[in-house]
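The values are calculated or read from the model by the stated rules, or taken from the named source; none is laboratory data. Since this is a predicted model, take the numbers as computed values, not measurements. Quick note on the areas: whole protein, heavy atoms, side chains included, nothing else; ligands and nucleic acids left out. Shrake-Rupley method; radii C 1.70, N 1.55, O 1.52, S 1.80 Å.
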Amino acid sequence: MAGGTYTLVLERDDSGPISVGALGELRFPAGWYAYTGSALGSGGFGRIDRHRAVAAGDNDTRHWHVDYLLGDAATAVEQVVTTEADIECAVARRVDGPSAEGFDRVDAFGCSDCDCRSHLAYHEHRDRLVEAVTDAHAAATG
């Protein structure tokens, strides 16, 4: 199965804290989130199916920070953007784009194996977040 880099566009329809493994209890306001990860192993983009299963409540295993967010009933996977390249950190760093107005980051989320500030960005508006994600994937490959 093909692999590379993916960004999950997530919707949270409720605000509240979630216990996120070693990061502890974090507050996640309602709105839109972009989580960027890699799917470079033998399962490739099959990892996205695993994320969808966690979000649907069909998988209770929590390996990564995003599993805790996805496992919360107020979080849903709305869209997935993929690129068949190893550009995870480049995409994560570009998601809030040149104009970071309205964006926020959840510090240390999803980046325990790199030096990025975060692999999870927040914006209250879906369209602005999706545009930033697609632009980040394009810029990181171009």
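Need one number: convex hull volume per residue for region 78-142, Cα atoms only, in Å³.
90 Å³
Go ahead and estimate [θ] at 222 nm for the chain from helices alone: -39,500 (n - 2.57) per DSSP H run with n ≥ 4, summed, over the residue count, rounded to 500.
Result for the chain, helices only: -8500 deg cm²/dmol.
Can you tell me the accessible area per residue over the chain, all protein chains present, probe 1.4 angstrom, in square angstrom?
Spelled out: the 1.4 Å probe surface of the chain, per residue, equals 49 Å².
Calculate the length of the line joining the C-alpha centroid of region 38-69 to that of region 118-132, in whole Å.
The distance from the Cα centre of region 38-69 to that of region 118-132 comes to 20 Å.
With all protein chains present, how much of the accessible area of the chain (probe radius 1.4 Å) comes from carbon and sulfur, to the nearest whole percent?
Carbon and sulfur: 43 percent of the exposed surface of the chain.
Mind checking the full-extension length gain between A22 and A56? Use 0.36 nm per residue of separation minus the Cα-Cα distance, one decimal, nm.
Going from the current span to full extension adds 9.9 nm.
Just checking my list [x] 14.7, 42; [y] 13.8, 38; [z] 17.5, 61 against Rg and Dmax of the Cα atoms in Å computed from this structure; which label fits?
Here Rg and Dmax of the Cα atoms in Å agrees with entry [y].
For the chain, what does the relative contact order come out to in percent, with C-alpha contacts under 8 Å and a separation of six or more?
30 percent
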